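Chemist: Got a structure for you, questions after.
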There are 2 protein chains.
Amino acid sequence: MADDGFRTSHGDFRWDGVDLLAYKQEGSAPFKDITRQTLFADTRLGCELRYFEMAPGGYSTLEKHQHVHAVMILRGEGHCLLGDQVRPVAAQDLVTIPPWTWHQFRAGPDQPLGFLCMVNALRDKPVLPSAEEAAALGKLFTAAN
Amino acid sequence: MADDGFRTSHGDFRWDGVDLLAYKQEGSAPFKDITRQTLFADTRLGCELRYFEMAPGGYSTLEKHQHVHAVMILRGEGHCLLGDQVRPVAAQDLVTIPPWTWHQFRAGPDQPLGFLCMVNALRDKPVLPSAEEAAALGKLFTAAN
């Protein structure tokens, strides 16, 4: 962060002094074509604010955990799995992800999907699905499309 | 909040199930033409996320306090006072407001200025400026325009 408190947007969802973290992709990873930028992680705040963006066809990690996510879609459109529901999401939509609820965001085929995620600074590690769970949850997206 | 976790945007920065709070305007109030919507105030999160919007020519409360604000501009453009600096701000810009730092956002004359503000759920009450302080700080905006 710049010392003066201001961090200017570059446009296109990049910012001065904010690193872009591209997740390493491996065969079994439950995510695809997603980047993370931590916009605020000030120790004087109880939460962090991160910006995630998936390329067209990309998706966030399929996971669940104790901590809560508060999400605002910032750009594009796609679908969100929450528990056993898959719903279309678009810019400005809000999603609250309660504890121990499977969730995943998937960008549509034609444009990126970007969202803000507010989360407790101190939080537990996500649990990933088994292959069987991932397959069953993935079918919910197929049914919703 | 809807029970299912999803709150759809109406477009134009309004949301299902989110009340719009318009501040009562009085002669001496250090704000003008501003509304607040609390997007997330989940007790399981250490912070809240609010959306503030000023009409063209409007401005947020001129204030300072112990707690920190983490701000992302969402729409429009205007200026931000932070300490003894006034800087232009536009969509996607980030501002960190440190403890005990005078701050105010002002929309430009032609369009609204909207921003997200992340803040600790437990926080102290803002201090307002004296008439002399407000006048001196207001001059910084005049100099920046």
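Chemist: Which count do you get for residues in segment A:97-114 that are open to solvent by less than 40 Å² (accessible area, probe 1.4 Å), under 23 Å from residue B:16 (Cα atoms) and of a type outside the set (Gly, Ala, Ser)?
Modeler: Going through segment A:97-114 one residue at a time, the tally reaches 7.
Chemist: Answer with yes or no whether residue B:122 is within 11 Å of chain A (Cβ to nearest Cβ) and either touching an Asp or Glu at 6+ places or on another chain (Cβ under 9 Å) or over 19 Å from residue B:36 (Cα atoms) (or both).
Modeler: Here the answer is no, as residue B:122 does not meet what is asked.
Chemist: Within segment A:83-96, identify whether any single residue is more than 10 Å from chain B (Cβ to nearest Cβ) and either crowded, with 20+ Cβ neighbours inside 10 Å or in a strand (DSSP E or B) (or both), and answer yes or no.
Modeler: The answer is yes, given that some residue of segment A:83-96 is more than 10 Å from chain B (Cβ to nearest Cβ) and either crowded, with 20+ Cβ neighbours inside 10 Å or in a strand (DSSP E or B) (or both).
Chemist: Given segment A:9-76, what strands (runs of 3 or more DSSP E) lie entirely inside it while holding 1 or more residues that are open to solvent by 60 Å² or more (accessible area, probe 1.4 Å) and within 30 Å of residue B:87 (Cβ to Cβ)?
Modeler: A:9-11, A:32-40
Chemist: Okay, next question. What about residue A:101, is it part of a strand (DSSP E or B), in contact with a Leu (Cβ under 7 Å, 6 or more places away or on another chain) and of a type in the set (Ser, Thr, Tyr)?
Modeler: Answer is no for this residue.
Chemist: Considering each residue of segment B:99-113, count those that are polar (S, T, N, Q) and either at positive phi or at pLDDT below 95 (or both), and give that number.
Modeler: 1
The values are calculated or read from the model by the stated rules, or taken from the named source; none is laboratory data. Only a predicted model underlies this, so the values are computations on that prediction, with no experimental measurement involved. Backbone-built Cβ (ideal geometry, glycine too); neighbour counts: all protein chains shown. Note: areas computed on protein heavy atoms with side chains; ligands, DNA, RNA excluded. Shrake-Rupley method; radii C 1.70, N 1.55, O 1.52, S 1.80 Å.
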